[in-house]
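The values are calculated or read from the model by the stated rules, or taken from the named source; none is laboratory data. Nothing here was measured: the structure is a model prediction, and the numbers come from that model. Here the Cβ is made from the backbone with ideal geometry for all residues, glycine too, and neighbour counts use every protein chain on show.
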Amino acid sequence: MRAKTIKLKISILYASILGVLLSLYIAFLFIIPSAALKDNKLLYILIPIPITLLFGYFIGRVIVARILRPIKEITDTANNVTHEDLSLRVKAENVDEELRSLIQAFNDMVSRLGESFEYITDSSSYIAHELKTPIAIIRGESEFALKKERDKEEYKRVISVSLEETKRMLKIIEDLLLLTKMNYQPDVLKFEQIELTQFIGIIYEQAKILASPKNIIVNIDIPQEAGTINADELHLRRLFLNLIDNAIKFTPDNGSIGISLKYENQKALVSIVDTGIGIEEENMPKLFEKFFRIEGKTKDSSPSSGLGLSIAQSIAELHGGEISVTSRAGQGSNFSVSIPLLN
């Protein structure tokens with residue numbers, strides 16, 4: 001509609017100018033005596049003017065139509081884009097560079113909208129699936145307890161089960177809120193200079209406390225020299241503790257975990273190696289997907305949202321780093337975090 005309005009206004013403008021020029025031409029012919037026109041060549045000069053004006057008018061319309069065609073296509077595409085179909089794109093063929101940039105920006109915007117809608121749809125499905133199970137358990141246990149009188153121990157068991165499922169739901173909600181903030185509000189991170197050697201030493205002390213209930217030995221290998229990074233201390237700690245918590249969860253009692261730090265190629269490389277059950281090859285591509293969990297491989301019953309590795313990956317990316325993993329089933333895993341050093 002916008003393109004049609006612009007085209008109509010330009011056509012009216014051309015028609016107005018043409019009308020004024022033709023009026024002046026006719027008036028000019030009446031003012032100049034016929035004898036004067038015959039005595040000189042002025043008549044032959046004036047005759048082509050209307051033809052030239054009409055020809056210019058139609059050429060102008062063609063040029064305007066060509067210019068407005070991509071704009072009309074953008075308008076039509078924008079009108080047809082809905083949340084159900086975000087696959088429509090405008091073709092950038094046979095257009096000027098300025099319009100090509102506009103079309104590219106429009107297509108990029110639609111692509112970002114598509115990714116956002118896909119994320120929201122997937123997240124809604126994940127949330128519904130993950131919260132449905134604990135709610136169903138709480139409801140089932142409550143209905144079981146209310147069917148008839150139970151002894152005190154049975155009521156305690158029902159309350160205990162409901163409490164564990166409630167903790168699990170709260171964990172899912174808290175992790176989702178954190179993940180959403182990091183994905184859409186990266187400014188929640190407060191960056192400062194952190195001396196990484198000392199920082200990893202503190203993480204090591206916390207890891208020993210976390211591993212003690214399973215009698216897991218935690219070893220550390222860090223260099224003497226200092227290395228400084230630009231990081232958010234709170235979220236960086238969460239990154240490493242998520243990886244360590246994962247290693248503890250999938251390492252049998254009396255196993256071991258190794259934490260190492262080294263500096264190379266202007267990057268800090270932190271590795272967390274465990275002697276746990278390892279990861280099967282078919283599960284490797286899914287490790288960092290939201291809500292992915294390896295079920296039935298551990299006796300650890302602590303509530304898990306399945307978002308720990310996804311959160312760790314988001315934190316690493318916001319620090320300009322990345323997480324890589326190598327593992328073999330039955331032989332443990334090695335998660336390595338690479339973060340750029342400050343010069």
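Could we say that Leu341 is modelled with pLDDT under 90, closer than 19 Å to Leu189 by Cα and out of contact with any helix residue (DSSP H, G or I) (no Cβ under 6 Å at 6 or more places or on another chain) here? Here the answer is no, as Leu341 does not meet what is asked. Of all residues in region 198-234, those that are part of a helix (DSSP H, G or I) and within 21 Å of Lys267 (Cβ to Cβ) total 8.
Only one of the listed residues (Ser162, Ser111, Ser124) is among the small types (Gly, Ala, Ser) and buried (at least 17 other Cβ atoms within 10 Å of the Cβ). That residue is Ser162.
Residues in region 235-259 that are part of a helix (DSSP H, G or I) and more than 28 Å from the chain's Cα centre (by Cα) were compared, and the one that is surrounded by the fewest Cβ atoms within 10 Å (Cβ to Cβ) is Lys249. Only a single item in (1) modelled with pLDDT of 80 or more; (2) loosely packed, with under 12 Cβ neighbours inside 10 Å is not met by Thr197, and it is number (2).
Applying a threshold of 8 Å to beta carbon distances and a minimum spacing of six or more residues, or different chains, the list of pairs starting in region 190-205 at a residue that is of a type in the set (Gly, Ala, Ser) and ending at one that is surrounded by 14 or more Cβ atoms within 10 Å (Cβ to Cβ) reads Gly201/Ile220; Gly201/Ile222. The requirement of being at pLDDT 90 or above and either under 30 Å from Ser162 (Cα atoms) or among the hydroxyl-bearing types (Ser, Thr, Tyr) (or both) is not satisfied by Ser305.
For region 251-273, filtering for residues that are touching a strand residue (DSSP E or B) at 6+ places or on another chain (Cβ under 7 Å) and in contact (Cβ under 8 Å) with a residue 60 or more places away in the chain leaves 10. Restricting the first member to region 224-235 and to residues that are closer than 17 Å to Glu317 by Cβ, and the second to residues that are of a type in the set (Lys, Arg), the beta-carbon pairs closer than 8 Å and six or more apart or on different chains are Asp232/Lys190; Leu234/Lys190. Among the residues of region 79-123, write down those that are modelled with pLDDT of 75 or more and aromatic (Phe, Trp, Tyr). Across region 79-123, the qualifying residues are Phe106, Phe117.
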